[in-house]
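To keep things clear, I will list the structure first and then write my remarks on it.
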Amino acid sequence: MRAKAVHSMTEGPLARSILAFSFPLMLLNVLQALFNMSDIAVVGRFAGAEALGSVGSTAILVTLFTGFLIGVGSGVNAVTARFLGARQHKDVEETVHTAILLCLIIGLVEMALGQIFARPLLELLHTKDELIDGATLYLRIYLLGIPAAAMYNYGNGVLSAAGDTKNPLYILTIAGVVNVILNLFFVIVCRLGVAGVALASAISLYLSAGLILLSLIRSANIYALRRSALRICQDKARQLLALSLPAGAQNAIFAIANLFIQAGVNSFDAVIVEGTAAATNADALVYDVMAALYTACSSFMAQNVGAGNKKRVLRSYFISLGFSFCAGALLGGGLVLFGQEFLSLFTTDAAVVEAGMVRLTVMGCSYAFSAFMDCTIAASRGLGKSVVPTVIVILGSCVFRVIWVYTVFAYFHTIMSLYLLYICSWTITATAEILYFAHVYRHKTIAPPAAAMEEIA
């Protein structure tokens, strides 16, 4: 097979290239967030507030499972991008074929664990008695699609490493439209309620996985999938796991910390629980837009590390950080100004909208500052460092948030005191991540292409 060239991130105007790379990925992430919101919007509008609360009660757990897979995909992205930047074609091939098998195994393990622990985890969160049956049903059906989510994130990681963010966008658009149509059909026509939106999500996940794998199989590029090359190469598996597992754990840790926050939310009445469930949809919308720029940061830095272009490595970080901060500020401000209209997509209950506006106001003023933490973590990953940033996240986000819940929140027991922990934990974690990144960059030797993959921390 003749290898085609992939999109180069090692030459040309950097800011323009990062935007060109990120924009399709932003659209992809926004569509993904919107399609995920359709589950809550459809049940909230057509199945009632109780169904809304049931699906909303699973949001943190869904994020726990899918967030781990997104982190794994980012690890695949960083390793693949570095080999592409170094133009080491054999290593690219071995990485791509090792990664798909690892991701499939991880997806199957997650699905099995989710089926076993779905209800115990919801009980641990003190999910309301009137919501827990519906929440358990939704979660177990949704988790049937987790292996497919693993395959999609794998494919997205490979394609974005090569600079292709358009094909994942097209694929997700098709799968998302199918998801919305099935949501409406299963809930309105079949009257399946929470089971209907969960089933629609699982089906659309398998559709997106099938399409992105088909794209890789049909590709004529050096990262194409070939059945004859499917095997786990030990050295590539070690490098992939060294970046992917900490990155996945990092995302999961956020979700675990948020389990304690959700437990705090559940200590209030059903109106606040439902308002929070509606407002939390904004998180995915904003974070996913900003995440496109984090992917750009990691991909551009990794390719330039592979190419031995140290100056361009640092500029990639600062440009991505600036863009992601601005994106968070603009989207957060928009949600503060138009929050009621946003919340009306999910509920017609005025009390629920009012409760949701409290969260939207606090978070809308805070989102931009998360860029200093998340973009710096992506930058460290682009340099091949993932373990220490994950440890910092554990301490700065997970441990700190749990302590906050059992001290500050326990003392005041107001919903505002719960929401304020986000900006406080972001500030602490970002400071530590920036100090670590500065240390790594200062001592990092950007090796010639042939030696660029020697060190994966």
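The values are calculated or read from the model by the stated rules, or taken from the named source; none is laboratory data. Predicted, not measured: the structure shown is a model, and the values here were computed from it. Don't worry about glycine lacking a Cβ; one is built from the backbone with ideal geometry, like all the others, and counts go over all protein chains shown. What goes into the accessible areas is simple: the full protein's heavy atoms, side chains included, and nothing from ligands, DNA or RNA. Shrake-Rupley method; radii C 1.70, N 1.55, O 1.52, S 1.80 Å.
Descriptive notes on the structure:
- Exclusive hit being among the aromatic types (Phe, Trp, Tyr) and open to solvent by less than 10 Å² (accessible area, probe 1.4 Å), set Phe318, Phe369, Phe346: Phe346
- Residue match in region 36-43 (condition: modelled with pLDDT under 85, buried (at least 21 other Cβ atoms within 10 Å of the Cβ), closer than 20 Å to Asn179 by Cα and charged (D, E, K, R)): yes
- Of the numbered criteria (1) under 23 Å from the mean Cα position of the chain (by Cα); (2) open to solvent by 10 Å² or more (accessible area, probe 1.4 Å); (3) of a type in the set (A, V, I, L, M), the one Val353 fails is (1).
- Count - residues of region 152-204 that are in contact with a helix residue (DSSP H, G or I) (Cβ under 8 Å, 6 or more places away or on another chain), in contact (Cβ under 8 Å) with a residue 12 or more places away in the chain and not in a helix (DSSP H, G or I): 4
- Evaluation of Ala220 against (1) touching a helix residue (DSSP H, G or I) at 6+ places or on another chain (Cβ under 8 Å); (2) open to solvent by 30 Å² or more (accessible area, probe 1.4 Å); (3) in contact (Cβ under 8 Å) with a residue 24 or more places away in the chain (one fails), failing number: (1)
- Given (1) of a type outside the set (A, V, I, L, M); (2) on the phi > 0 side of the Ramachandran plot; (3) crowded, with 22+ Cβ neighbours inside 10 Å, number of the condition Arg82 does not satisfy: (2)
- Residue among Leu137, Leu124 that is open to solvent by 10 Å² or more (accessible area, probe 1.4 Å), at pLDDT 90 or above and more than 19 Å from the chain's Cα centre (by Cα): Leu137
- Helices (runs of 4 or more DSSP H) contained entirely in region 345-452, each with at least 2 residues that are over 15 Å from Pro246 (Cβ atoms): 350-364, 370-382, 400-404, 415-419, 421-443
- Total residues in region 309-318, condition touching a residue at least 12 places away in the same chain (Cβ under 8 Å) and either among the hydroxyl-bearing types (Ser, Thr, Tyr) or farther than 13 Å from Glu11 by Cβ (or both): 5
- Set Ala150, Ala200, Ala161: member being open to solvent by less than 20 Å² (accessible area, probe 1.4 Å), under 23 Å from the mean Cα position of the chain (by Cα), at pLDDT 90 or above and over 18 Å from Gly107 (Cβ atoms): Ala200
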